[in-house]
Amino acid sequence: SKALDTMLYLNGVSVSFDGFKALNSLSIIVKPAEMLAIIGPNGAGKTTMMDIITGKTRPDAGEVYFNGRTDLTKLDEAAIANLGIGRKFQKPTVFESQSVWDNLEMALKKPRGIFSTLFYASDREDKDRILDILETVRLAGRKDDLAANLSHGQKQWLEIGMLLAQDPKLLLVDEPVAGMTDAETVETANLLREISKTRSVVVVEHDMSFVRDLDTRVTCLAEGTVLAEGSLEQVSANPTVIERYLGR
Ligand code: ADP
């Protein structure tokens with residue numbers, strides 16, 4: 001089937017709220033180790049799509065296949081998270097009174113399932129993984145600082161690091177660069193590109209220069225379905241995309 005070599009496959013997903021179709025037969029594919037950027041006007045259904053992937057919202061119709069086989073629409077939120085889907089919401093939620101290191105260590109130790117303690121890695125392995133994550137999220141030099149003392153952008157990176165500590169196969173990221181400096185925005189594109197070499201990433205974003213820096217496949221949603229997809233150049237040259245979204 002079409003789902004087999006995919007990390008995420010939404011097939012004809014629809015959901016209505018009080019008769020209003022927030023998603024209208026939405027179909028999306030994300031391959032292993034691929035990043036997809038989702039753009040589109042307010043109300044297009046981007047958040048609803050993320051809610052359906054993570055099991056927060058149940059679709060009225062359609063399937064959501066994860067890792068080529070599991071239909072997520074049959075599972076609850078905790079089971080879906082345990083399969084290896086991490087979601088980064090727009091606002092950072094780090095433990096401000098803890099160090100950067102301790103935030104990552106706590107994220108590492110969060111139990112992922114009944115049997116997780118049986119397979120628990122050694123302290124040495126934990127330390128190496130934290131050091132690795134610190135490098136990835138550009139916080140190696142800040143490991144002993146309190147999270148409260150990080151910039152807004154660095155807190156976002158720390159939270160991405162905390163999600164990486166859970167070793168997700170698929171990372172969902174909602175408007176990560178809102179409120180970041182230009183330099184942090186560029187660095188966030190770099191780090192997400194690095195992460196997507198080994199994991200699938202879906203980024204919902206409004207900032208078009210950031211989407212350009214992501215340098216990846218783009219899907220434009222409108223009215224709960226795919227309006228256009230391809231490179232950013234292809235999508236932003238689409239007359240309907242210009243009229244409905246970019247040309248405002
Ligand atoms: P986007 O994230 O692209 O801005 P959303 O997914 O938030 O779009 O919203 C799509 C549409 O669905 C909007 O019109 C929104 O008002 C509606 N909607 C989303 N979630 C709910 C909900 N839980 N109850 C009622 N309406 C909702």
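None of the figures in this text is laboratory data; all of them are computed from the coordinates on show. Values in this document were obtained by computation on a predicted structure and should not be read as measured data. A quick note on method: Cβ atoms are made from the backbone with ideal geometry, for glycine too, and the neighbour counts reach across all protein chains shown.
I'd like the residue in the stretch 7-58 that is crowded, with 22+ Cβ neighbours inside 10 Å and in a loop (DSSP other than H, G, I, E, B) and, out of all such residues, is farthest from the ligand (Cβ to nearest atom).
Per the criteria, the residue is Met7.
Whether any residue in the stretch 215-236 is farther than 27 Å from Tyr9 by Cα and part of a helix (DSSP H, G or I) is what I want to check. Give the derivation first.
Pass one, the stretch 215-236, residues farther than 27 Å from Tyr9 by Cα: none.
Scanning the stretch 215-236, I find no residue that is farther than 27 Å from Tyr9 by Cα and part of a helix (DSSP H, G or I), so the answer is no.
Which of the residues belonging to the stretch 138-161 are free of Cβ contacts under 8 Å to residues at least 40 places away in the same chain and in contact with a helix residue (DSSP H, G or I) (Cβ under 6 Å, 6 or more places away or on another chain)?
Residues of the stretch 138-161 that are free of Cβ contacts under 8 Å to residues at least 40 places away in the same chain, as a first pass: 139-141, 149, 151, 153-154, 157.
Within the stretch 138-161, Leu139, Ala140, Gly153 qualify.
Could you check Thr93 against (1) part of a loop (DSSP other than H, G, I, E, B); (2) farther than 30 Å from Ala140 by Cβ; (3) of a type in the set (Ser, Thr, Tyr) and say which number it fails?
(2)
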